[in-house]
């Protein structure tokens with residue numbers, strides 16, 4: 001299990017959010033989540049320009065085992081998606097917190113970020129889940 | 001209460017991700033399900049299948065009992081050690097379970113039935129065995145390891161006592177024999193499997209299973225989880241009980257017609273119902289589907305055909321094909337343009353003959 005980067009915020013449903021230098025919010029799933037899902041084989045990405053709401057399904061990741069909805073941690077507009085995942089969905093297995101990011105949102109209400117778990121709280125959540 | 005096989009600690013020490021499977025705590029993978037799938041197609045992998053139920057039948061009328069119990073004909077078993085794949089049916093022709101019958105002697109047959117149906121199967125077998133004075137004896141003292149892949153047999157044979165090499169090397173497909181393993185452990189070696197590859201399923205006394213597993217690891221056999229086992233058997237066109245057929249589905253409706261022997265005068269349980277169904281015309285059929293687009297076919301998705309809806313039974317991403325395949329049960333007749341409803345989106349699929357993969361290669365038309 002890789003370290004959880006301290007600059008990330010989390011939904012209980014295992015999505016992470018990172019505020020980039022330009023203020024955009026990058027979103028992916030945690031290393032713990034990719035481990036639970038197993039080998040990923042398909043990612044259904046959102047459309048660029050689509051508007052999203054915090055806590056609503058935006059993308060779908062499918063492993064050999066199961067399909068899972070990916071919720072957006074913040075409301076706003078999709079400004080980029082990780083096209084690389086179309087050919088290499090396994091990037092999420094290999095680098096969930098980095099190259100395996102899924103989409104980028106221009107947040108309409110940055111205040112929503114305050115409702116997310118910080119890295120420590122998330123670490124505790126998955127710790128309890130494992131027992 | 002979850003049950004554990006004798007290899008449970010071994011799986012955990014190997015870093016396996018464990019899941020509940022039919023009441024058993026079993027390894028789904030040891031890291032990557034896809035890599036484990038490929039190693040079985042290309043080299044040799046092994047599965048702990050000790051959760052499966054071994055049942056020994058003894059008595060002078062055992063063959064006669066099996067003629068009544070199962071839908072395939074045990075009279076095909078003429079040579080000691082030969083095995084037969086069959087279903088046992090209820091009176092309505094539904095599948096109680098699918099199983100393998102081994103002929104070990106005129107008064108001794110061995111059954112291997114599914115783990116998830118253990119209690120139901122034992123009750124059913126015992127209920128019908130009484131009339132034939134057949135002794136039904138479960139063998140929880142056995143563990144079982146399936147070693148599968150193009151190099152599986154050679155790797156297993158290398159571990160057997162020298163004197164067994166030639167005999168086990170010549171063991172025919174769907175046949176079994178006793179052999180001596182590492183440290184002289186007594187093994188029951190069957191050339192059967194659930195992956196579409198050559199290999200052995202090995203029954204071993206529980207207290208020697210860990211030593212056998214470790215010897216296999218040392219011989220270069222890679223541990224593989226139930227996740228890979230599922231995608232391998234799906235590609236190989238093999239049914240999974242509970243998903244592809246159950247008590248309410250007949251073998252005709254599960255593409256298992258080839259396992260039904262309507263031999264003259266044999267009164268097996270479910271025969272009347274099967275014959276009536278056939279005379280009436282079977283209303284539902286099981287077909288293979290391939291999705292050429294991106295996405296994954298999954299159990300429970302609705303299949304749309306010209307004759308009405310059907311549903312996906314087993315469905316998954318198929319690692320050997322790098323696309324999704326499935327079994328589906330649909331209304332009989334020319335299905336027309338077939339689509340599958342994936343989360344509200346109607347995706348076109350192709351109906352194909354299966355197996356999807358044989359001997360490590362995609363089959364023609366898949």
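Readers should treat all values here as calculations from the given coordinates under stated rules, not as data from a laboratory. Remember, it's a predicted structure, so these values are computed and weren't measured experimentally. Cβ coordinates were reconstructed from backbone atoms using ideal geometry, including for glycine residues, and neighbour counts include every protein chain displayed.
Note on A:63-69: average number of Cβ atoms from other chains within 10 Å of each residue's Cβ is 6. Stokes-Einstein, applied to the Kirkwood radius of the protein assembly as shown over Cα pairs at a viscosity of 1.567 mPa s and 4 °C, places its translational diffusion at 52 µm² s⁻¹.
Within a 10 angstrom radius of each residue's Cβ in A:86-95, how many Cβ atoms of other chains show up on average? Whole number is fine. Each step should come with its number before you reach the end.
On the way: counts 1, 0, 0, 1, 2, 0, 0, 3, 0, 0.
That works out to 1 on average.
Averaging the Cα positions of each part gives two centres, and for segment B:227-284 and segment A:30-52 these lie 38 Å apart.
Which percentage, to the nearest 5, of the DSSP beta bridges contained in chain B is antiparallel? Write down the numbers at each step before the final one.
Working: 77 of 81 bridges.
Antiparallel bridges: around 95 percent, rounded to the nearest 5.
Per residue of peptide B:291-297, the mean number of Cβ atoms on other chains within 10 Å of the residue Cβ is 3.
Could you order the peptides B:81-89, B:244-252, B:126-134 from most to least packed, using the average number of other C-beta atoms within 10 Å per residue?
On the way: B:81-89: 21.7, B:244-252: 19.8, B:126-134: 15.0.
Sorting B:81-89, B:244-252, B:126-134 by mean packing, highest first, produces B:81-89, B:244-252, B:126-134.
One Cα centroid belongs to segment B:288-366, the other to segment A:54-131; the line between them spans 30 Å.
How would you order B:31-37, B:204-210, B:261-267 from highest to lowest mean count of nearby Cβ atoms within 10 Å? Mind dumping the intermediate values first?
Numbers: B:31-37: 22.6, B:204-210: 17.7, B:261-267: 10.3.
Listed from highest to lowest mean packing, they are B:31-37, B:204-210, B:261-267.
Of the beta bridges in segment A:9-109, as assigned by DSSP with both residues counted there, near 100 percent are antiparallel.
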